[in-house]
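The values are calculated or read from the model by the stated rules, or taken from the named source; none is laboratory data. Since we're looking at a predicted model, the values are computed, not measured. Glycine gets a Cβ as well: all are built from the backbone with ideal geometry, and neighbour counts include every protein chain shown. Ligands, DNA and RNA are stripped out before the accessible areas are found, and what is left, the full protein with its side chains, is counted by its heavy atoms. Shrake-Rupley method; radii C 1.70, N 1.55, O 1.52, S 1.80 Å.
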Amino acid sequence: MAFPVTQIRSDFPILSQKVNNKPLVYFDNAATTQKPLAVINRISDYYKTENSNVHRGNHYLSQIASDHFENARKYVAGFINATSEKEIIFTKGTTDSINLVASTIAEWVKPNDNIIITAMEHHSNLVPWQQLCIKQKANLKVVPIDYDGNLDMDAMKKMITPSTKLLAVTHISNVLGTINPIKEIVNIAHKHGVPVLVDGAQALAHISVDVNNLDCDFYTFSAHKAYGPMGMGVLYGKSVWLEQLPPYQYGGEMIKNVTFEKTTFNNIPYKYEAGTPDVAGALGLETALNYIKKIGINNIREYEDQLLAYATEKITEIDGVRIVGKAKDKTAVLSFVINGIHPYDLGTLLDQMGVAVRTGTHCAQPLMEYFGVSGTIRTSFGLYNTQQEVDVFIDALKKAVNMLS
Amino acid sequence: MTIQEKAKSVIDEFAIFDDWMDKYSYLIELGKELPLIDEKHKNQTYLISGCQSRVWLHAEENNGKIIFTADSDAVITKGIISLLIRVLSGSSPAKIIAADFSFLDEIGLKAHLSPTRANGLVSMIKQMKLYARALQLKSNR
Ligand SMILES: Cc1ncc(COP(=O)(O)O)c(C=O)c1O
């Protein structure tokens, strides 16, 4: 069956917009994806008919809102195949989820211990660990990558020591598109008793994610990169960890009993959800995941792989193009530079032609340094992009290169 | 010419372009002209950091007027810099402090001055004004 991209496009109101008088070609999906009408309506319906604070009132609306909020949690758990919805904590996004873990495991980390990350991490999965290591006088170790953008697995194996407290790795690189062999990494780390946190920000919308199968200890993602709303995210954590780690923030919702002298904390997941949560965000996320599910993540993967292959082939026809990130296993992201042309200039001209791409360092400055570039141009695809849009982009790129050389 | 007159001449010059390609081709042409800054000033001291495109700015006083020179590694940024310098350089500190940049709005380049663009232009203008202010304080003393 052909991928129903025309139908899908009609689900996304923003795509029919013109930008600079040209039809919008939105190739900045790794930064954030657009939202289908179903998600927009779900959020709007919540505020029109269900809005109430959750877990607090015994009145009708509060009951409805609480039920729907908890159903969303169950849905997320099912979507990523978590053992229990107790393992799903709603956060503000990937960054928030990672900071939650970095703060709560702080006490595990003693002077001269180490935490391992990789050379392709987003600043969100780098700075929290770096700062934790500085605070605890521990060492941050960085697994190198090869020039195609594959992790050096042998180097990783050698880095793990008895003092390694955590390994944090991205599922898919936002710059290179590399899909990392998470299952293998977890296997190796667990042999040494080291827990693994996976940054799934770029994965959820593009490949199937099964935390049970991956066996990772923590998995994080943002709703807005998977067709859901901004400001909503998830931390999945194995309950063995969540039960024993301390709370992250203190306040309402996360408590059982409070006196002026002491507080007993609520059970997981509530222990980690202080304050009023983003209920509409959770419902929007549920709807977005349901949207993905209906189309089928494997169909999406196959379609996006075709788009990527097509774009990769077309772009190599342009003189002086160097693709940054050629891993064997990659998806949905095409980063490149063109000899003698500044990415910022290209991005500016592409924008004039209605093509939205990202230029710059993509929150991964050390990675840019490794590839010896000051930045790249990144096109990143979503399920609503088409070959025809790739053609528009390639034409625009040729025009821009012409103007600049 | 005053700053206003110079800005007006830029606006007139851009009025002939009726599509974006001509306008940007012209900017690129301006940007490709010889370095606007002495190579020896293209170093860390004069670099305006934290930007997607890098910008170098040098300023010096000549008979109560400020002479700006600048450069960028991105050619469109450099084209816009050359317009800014053409309008501002050679004026007195007081005039530079008072200058506004609505001429960029009129020629449809205002978006390049958005702080979120991170191309260094906003920081560059801030730096130009700071320099003018410092010079004014010095001469008032
Ligand atoms: C790989 C990766 N990790 C983390 C993040 C941060 O996500 P958020 O800004 O939604 O917290 C991003 C977003 O750009 C990303 O691509």
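Summary of values
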| item | result |
| --- | --- |
| Pairs where the first residue, in region A:47-64, is under 21 Å from A:M254 (Cβ atoms) and the second is of a type in the set (G, A, S) and in a loop (DSSP other than H, G, I, E, B), C-beta under 6 Å, 6+ apart | A:S62/A:S52 |
| Answer residue from region B:72-109, given it is within 13 Å of another protein chain (Cβ to nearest Cβ) and not aliphatic (A, V, I, L, M) and is farthest from B:M1 (Cα to Cα) among those | B:D73 |
| Residue list for region A:205-250, restricted to those being away from the ligand (no atom under 11 Å from the Cβ), of a type in the set (F, W, Y) and in contact (Cβ under 8 Å) with a residue 60 or more places away in the chain | A:F218, A:Y219, A:Y227, A:Y236, A:Y248 |
| Segments classed as strands (runs of 3 or more DSSP E), wholly inside region A:139-204, with at least 2 members that are open to solvent by less than 10 Å² (accessible area, probe 1.4 Å) | A:164-170, A:196-199 |
| Criterion: within 20 Å of A:V175 (Cβ to Cβ), at pLDDT 95 or above and either buried (at least 22 other Cβ atoms within 10 Å of the Cβ) or away from chain B (no Cβ under 14 Å) (or both) - qualifying residue of A:G325, A:G347 | A:G325 |
| Only listed residue being surrounded by 12 or more Cβ atoms within 10 Å (Cβ to Cβ), farther than 25 Å from A:M230 by Cα and touching a strand residue (DSSP E or B) at 6+ places or on another chain (Cβ under 8 Å), chosen from A:A311, A:A282, A:A332 | A:A311 |
| Out of A:A102, A:A77, A:A82, A:A106, sole residue that is surrounded by fewer than 21 Cβ atoms within 10 Å (Cβ to Cβ) and within 18 Å of the chain's Cα centre (by Cα) | A:A77 |
| Within region A:32-55, considering residues that are among the hydrophobic types (A, V, I, L, M, F, W, C) and closer than 20 Å to A:F221 by Cα, the one nearest to the chain's Cα centre (by Cα) | A:V39 |
| Residue under evaluation B:G90, criteria (1) open to solvent by 50 Å² or more (accessible area, probe 1.4 Å); (2) at positive phi; (3) under 14 Å from the mean Cα position of the chain (by Cα), criterion not met | (1) |
| Among residues of region A:365-399, those that are aliphatic (A, V, I, L, M), surrounded by fewer than 24 Cβ atoms within 10 Å (Cβ to Cβ) and either away from every other protein chain (no Cβ under 14 Å) or under 21 Å from A:K18 (Cβ atoms) (or both), counted | 4 |
| Test: B:D105 is over 9 Å from the mean Cα position of the chain (by Cα) and open to solvent by 50 Å² or more (accessible area, probe 1.4 Å) | yes |
| Flag for A:I377 being of a type outside the set (S, T, Y), assigned to a loop (DSSP other than H, G, I, E, B) and closer than 27 Å to B:E33 by Cβ | no |
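One line per residue, one yes/no per condition, for (1) outside the structural domain of A:G233 (by TED's automatic domain parsing); (2) among the charged types (D, E, K, R):
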{"site": "A:S16", "(1), (2)": "yes, no"}
{"site": "A:V19", "(1), (2)": "yes, no"}
{"site": "A:P23", "(1), (2)": "yes, no"}
{"site": "A:Y26", "(1), (2)": "yes, no"}
{"site": "A:K35", "(1), (2)": "yes, yes"}
{"site": "A:K48", "(1), (2)": "no, yes"}
{"site": "A:N53", "(1), (2)": "no, no"}
{"site": "A:G57", "(1), (2)": "no, no"}
